[in-house]
Amino acid sequence: MDITETAEWRALAEHHRALAPAHLRDLFAGDPRRGERLTAKAGDLYIDYSKHRVTDETLRLLIALAERAGLRDRIAAMFRGEHINTTEDRAVLHVALRMPADEDLVVDGQPVVRDVHEVLGRMREFADRVRSGEWRGHTGRPIRAVVNIGIGGSDLGPAMAYTALQAYAARELTLRFVSNIDPTDFAEATRDLDPAETLFVVSSKTFTTLETLTNATVARDWLLRGLGADEAAVAKHFVAVSTNTEAVQSFGIDPQNMFEFWDWVGGRYSLTSAIGLSLMVAIGPEAYDEMLAGFSAVDEHFRTVPLEANVPVLLGLLNVWYRGFFDAQTHAVLPYSQYLSRLPAYLQQLTMESNGKSVRADGQPVATATGEVYWGEPGTNGQHAFHQLLHQGTSLVPADFIGFGEPNHPVGDMHDLLMANMLAQSAVLAFGRTAEEVAADGTPTPLVPHTIMPGNRPSTVILAPRLTPATLGQLVALYEHVVFTQGVVWQINSFDQWGVELGKVMARELAPALSGAEPVSLDQDTSTAALVAHYRRLRGR
Ligand code: F6P
């Protein structure tokens with residue numbers, strides 16, 4: 001079945017033709033309660049989706065589309081541990097990572113929740129030992145800096161969450177993240193650190209990733225250089241987070257110092273697995289547990305709430321609506337919180353690695369546009385940079401505004417000003433300003449066309465009481481399930497990422513030519529061959 005061939009899709013296409021000319025001004029004028037009515041709650045998150053180009057009929061048709069795509073059944077299949085990642089023949093069970101200990105879930109013969117809590121227990125013990133100073137480095141000094149080495153899902157989750165939750169972190173501990181194979185990343189992250197007081201957490205699901213293994217080797221050399229070349233130091237200064245015990249061992253890290261997770265956790269869904277270890281060390285096990293409870297609250301919402309009131313389902317379907325029928329190619333994430341500055345980068349991997357697919361799960365080409373380009377910056381900074389295009393550009397860019405009731409740092413009325421800006425942006429995008437309104441303000445006639453604000457630009461406002469470990473967990477789980485919803489409707493496998501492989505293989509093949517160890521291959525395309533040759537000249541090779 002091709003979703004675009006169904007009666008439900010056709011009904012939406014027809015409905016779109018009728019609704020597209022309608023302005024949000026008219027939709028609000030026609031329903032005095034719209035701003036309160038088209039809202040929902042998931043956990044502590046209050047979600048206003050009233051400023052979307054939808055009517056009750058649109059929502060009904062979108063839900064019918066979700067039903068037709070079998071969304072309810074797919075959600076249940078994920079929670080049951082079915083192998084819904086079909087191309088890799090794996091279960092997709094990040095939701096099991098935050099299930100309470102008394103939940104009994106056995107998948108492929110493994111008691112997964114029991115295994116999860118066993119590792120969580122080891123993580124808590126380790127985090128407490130590092131935080132209390134009981135874990136000593138090779139020279140007997142306590143650890144004062146933790147460096148997470150990982151990339152993609154083994155970096156972005158803990159890095160984003162640490163940035164978000166700095167207000168909850170042990171400030172006497174320094175936490176750094178090294179991901180890039182650009183040697184400057186490691187150099188800058190460690191330039192002021194003392195090897196005797198530094199602990200490396202090497203995080204890699206596969207433990208085969210070039211960047212991570214290269215940086216881990218550089219880290220080991222740095223440590224041994226600093227501590228008198230005594231190999232015994234490695235055990236005190238390196239722990240690993242991985243699914244691959246053998247590779248961890250052959251790298252030289254004692255499996256006793258390894259925190260395990262499983263192939264049913266996708267890299268971009270792994271923040272709540274042992275990949276969160278460096279974060280747990282920073283914020284402590286209690287705050288980490290609160291974050292897990294936040295995730296779990298929204299997981300339960302997604303699993304149990306009827307589709308019509310299910311927030312991730314609604315937001316996912318709205319994305320399908322804009323991508324499929326309005327040709328919206330990008331989606332802006334605009335957190336009005338400096339602490340959430342890494343959220344857009346995190347969501348780029350979550351959404352784009354998951355749903356950037358042009359082949360359906362059954363191997364046939366998709367007949368509809370899929371994955372949007374996610375991007376964004378915290379407000380109010382973005383307002384002074386790219387909001388011009390959001391307001392008056394020619395592209396439709398659905399936007400998510402994320403804000404909080406209480407500030408983490410109350411200073412005068414700054415937080416009120418921050419939130420006033422957020423609400424103003426969402427309102428201006430929706431309602432704009434007509435030529436008559438502009439002219440009535442006394443704007444000189446030649447300037448009127450330039451100052452008209454077209455409006456009718458959709459956005460969601462997500463308002464949480466305060467940025468806490470719990471609300472961060474709720475927010476991330478919300479996006480995870482939005483991605484799931486879109487993937488089901490688009491009939492793609494949101495849990496593989498074959499598109500990243502060829503570039504890795506080619507880079508390995510090209511490296512010897514760049515270093516001068518091998519001649520420039522005549523098999524290369526002429527562009528790559530010329531670039532390699534030019535690079536070699538620049539390096540004097
Ligand atoms: O190259 C993409 C990718 O496989 C991501 O999916 C993953 O999060 C990242 O690389 C890192 O992989 P690993 O955790 O196995 O080092």
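The values are calculated or read from the model by the stated rules, or taken from the named source; none is laboratory data. All values derive from a computational prediction rather than experimental measurement. So basically every Cβ, Gly included, is an ideal-geometry build from the backbone, and we count neighbours across all protein chains shown. Calculation scope for accessible area: heavy atoms of the full protein, side chains included, ligands and nucleic acids excluded. Shrake-Rupley method; radii C 1.70, N 1.55, O 1.52, S 1.80 Å.
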Q) Gly442: more than 16 Å from the ligand (Cβ to nearest atom) and in contact with a Lys or Arg (Cβ under 9 Å, 6 or more places away or on another chain), yes or no? A) no
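What are the residues in segment 82-95 that are outside any loop (DSSP other than H, G, I, E, B) and buried (at least 21 other Cβ atoms within 10 Å of the Cβ), if any? Full working, then the answer.
Taking segment 82-95 and keeping what is outside any loop (DSSP other than H, G, I, E, B), we get 85, 90, 94-95.
Once the filter is applied, which keeps residues that are outside any loop (DSSP other than H, G, I, E, B) and buried (at least 21 other Cβ atoms within 10 Å of the Cβ), segment 82-95 yields His94, Val95.
Filter segment 247-274 down to the residues that are open to solvent by less than 30 Å² (accessible area, probe 1.4 Å), in a helix (DSSP H, G or I) and more than 14 Å from the ligand (Cβ to nearest atom) and list them by number.
Within segment 247-274, the first condition is being open to solvent by less than 30 Å² (accessible area, probe 1.4 Å), and the residues that meet it are 247-248, 251, 253, 257-259, 261, 264-274.
The next check asks that each one be in a helix (DSSP H, G or I); those that pass are 247-248, 251, 257, 267-269, 274.
Of everything in segment 247-274, just one residue is open to solvent by less than 30 Å² (accessible area, probe 1.4 Å), in a helix (DSSP H, G or I) and more than 14 Å from the ligand (Cβ to nearest atom), namely Asn257.
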Q.
Of all residues being more than 26 Å from Asp496 (Cβ to Cβ) and part of a helix (DSSP H, G or I) in segment 328-353, which is least open to solvent (accessible area, probe 1.4 Å)? Just the residue, please.
A. Leu340
Q: Among the numbered conditions (1) in a loop (DSSP other than H, G, I, E, B); (2) at pLDDT 95 or above, tell me where Val482 comes up short.
A: (1)
Q) What is the residue count in segment 364-384 for residues that are open to solvent by less than 50 Å² (accessible area, probe 1.4 Å) and either more than 16 Å from the ligand (Cβ to nearest atom) or assigned to a loop (DSSP other than H, G, I, E, B) (or both)? A) 12
**Q.** Val54, sole failed condition from (1) in a loop (DSSP other than H, G, I, E, B); (2) open to solvent by 20 Å² or more (accessible area, probe 1.4 Å)
**A.** (2)
Q. Is there any pair with a first residue in segment 11-34 that is farther than 14 Å from Tyr322 by Cα and free of Cβ contacts under 8 Å to residues at least 40 places away in the same chain and a second that is open to solvent by 30 Å² or more (accessible area, probe 1.4 Å) and part of a helix (DSSP H, G or I) whose Cβ atoms are under 6 Å apart and which are 6 or more apart or on different chains, and what are they?
A. Arg34/Phe28
Q: Test each condition in (1) surrounded by fewer than 13 Cβ atoms within 10 Å (Cβ to Cβ); (2) within 23 Å of the chain's Cα centre (by Cα); (3) not hydroxyl-bearing (Ser, Thr, Tyr) for Arg98 and report the one that comes out false.
A: (1)
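Assigned by the TED database to the domain that holds Thr272, within 30 Å of Leu472 (Cα to Cα) and surrounded by fewer than 21 Cβ atoms within 10 Å (Cβ to Cβ) - does that describe any residue in segment 143-151? Full working, then the answer.
Step one: of segment 143-151, the residues assigned by the TED database to the domain that holds Thr272 are 143-151.
Checking the rest, the ones that are also within 30 Å of Leu472 (Cα to Cα) come to 143-151.
Next, from what is left, pick out any that are surrounded by fewer than 21 Cβ atoms within 10 Å (Cβ to Cβ): 144-145.
Yes.
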(Q) Go through segment 144-160 and report how many residues are outside any loop (DSSP other than H, G, I, E, B), farther than 13 Å from Arg342 by Cβ and among the small types (Gly, Ala, Ser). (A) 4
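Results for (1) hydrophobic (A, V, I, L, M, F, W, C); (2) not in a helix (DSSP H, G or I), shown as yes or no for each residue.
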residue	(1), (2)
Ala464	yes, yes
Lys504	no, no
Glu518	no, yes
Ala530	yes, no
Ala533	yes, no
Arg537	no, no
Q | Residue satisfying condition, being in contact (Cβ under 8 Å) with a residue 60 or more places away in the chain, more than 16 Å from the ligand (Cβ to nearest atom) and assigned to a loop (DSSP other than H, G, I, E, B), within set Thr139, Thr163 | A | Thr139
Q. What tally of residues in segment 428-441 results from selecting those that are surrounded by fewer than 16 Cβ atoms within 10 Å (Cβ to Cβ) and in a helix (DSSP H, G or I)?
A. 5
Q. Among Leu417, Leu447, Leu423, which is open to solvent by 30 Å² or more (accessible area, probe 1.4 Å), under 27 Å from Leu19 (Cα atoms) and not charged (D, E, K, R)?
A. Leu423
Q. Taking the condition in contact with a strand residue (DSSP E or B) (Cβ under 9 Å, 6 or more places away or on another chain) and closer than 20 Å to Ala293 by Cβ, does Leu97 pass?
A. no
**Q.** Cβ pairs under 8 Å, 6+ apart, first in segment 486-507 and more than 21 Å from Leu93 (Cβ to Cβ) and open to solvent by 50 Å² or more (accessible area, probe 1.4 Å), second at pLDDT 95 or above and acidic (Asp, Glu)
**A.** Val500/Glu353
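Report yes if Gly43 is touching a His at 6+ places or on another chain (Cβ under 7 Å), small (Gly, Ala, Ser) and open to solvent by 30 Å² or more (accessible area, probe 1.4 Å), otherwise no.
yes
Run down Asp263, Asp230 and say which single residue is in contact with an Asp or Glu (Cβ under 9 Å, 6 or more places away or on another chain), acidic (Asp, Glu) and either farther than 21 Å from Ile143 by Cβ or modelled with pLDDT under 95 (or both). So that I can check it myself, show each step before the final result.
Working: Asp230 fails: in contact with an Asp or Glu (Cβ under 9 Å, 6 or more places away or on another chain).
Asp263 is the lone residue from the list that is in contact with an Asp or Glu (Cβ under 9 Å, 6 or more places away or on another chain), acidic (Asp, Glu) and either farther than 21 Å from Ile143 by Cβ or modelled with pLDDT under 95 (or both).
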Q: Please identify the pairs in which a residue from segment 191-218 that is without any contact (Cβ under 8 Å) to a residue 12 or more places away in the chain and more than 8 Å from the ligand (Cβ to nearest atom) has its Cβ atom under 9 Å from the Cβ atom of a residue that is outside any loop (DSSP other than H, G, I, E, B) and open to solvent by 30 Å² or more (accessible area, probe 1.4 Å), counting only partners at least 6 apart or on another chain.
A: Asp192/Thr174
Q.
Would you confirm, using the coordinates I've provided, whether Ala76 is under 23 Å from the mean Cα position of the chain (by Cα), surrounded by fewer than 16 Cβ atoms within 10 Å (Cβ to Cβ) and in a helix (DSSP H, G or I)?
A. yes
